[in-house]
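To start, the structure under review is shown below, and the notes come after it.
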């Protein structure tokens, strides 16, 4: 009787632990979504500011706008990851255009927007690390014995890490003076 009680208690604790980990992953993903939303809201202001100085760079603005729309429209985490990698690459081209316009770089509005975007990118990276830590914990709990028996019985699925997708992000940045 005591053994049965211990087994039942263990089942309850194991199940509840998996639920807690799953909810932490969902919360961490929500944190990423909040920062991505902030990023999406900053981009139109940044584009408009650059557009005022570099109106003839039309393709860059179109690329950024399309990448932003694709990132905002992505539904599942994998598609969102890929769309945000593409958005990061188009933002790099926008900043490259800005480098050609000294008066733009000197603009307070542009500087503030650039600082906001940099701050947001840092927050996205922190949220990404937090999410990946929670995914690691959930996936480990799902894979290890004996909780894997509970996870399989109740249909718990492993979550995907928020990895660096693009080869450009994996490369070291080259600094030249």
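Since every read-out is calculated from the coordinates, none of them should be taken as a lab result. These figures come from a predicted structure and were not determined experimentally.
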Inset, instruction - Project the alpha carbons of the chain onto their principal axes and report the range along each, largest first, in whole Å. - result: 80, 30, 25
Inset, instruction - Would you kindly state how much longer the chain becomes between residue 137 and residue 27 on full extension, computed as 0.36 nm times their sequence separation minus their alpha carbon distance, in nm to one decimal? - result: 38.2 nm
Inset, instruction - Find how much the distance from residue 41 to residue 75 grows on full extension, using 0.36 nm per residue of separation minus their present alpha carbon separation; answer in nm with one decimal. - result: 10.5 nm
Inset, instruction - Can you bin segment 76-125 into rounded, prolate or oblate? Criterion: square roots of the alpha carbon gyration tensor eigenvalues sorted a ≥ b ≥ c, rounded for a/c under 1.5, prolate for a/b above b/c, oblate for the rest. - result: oblate
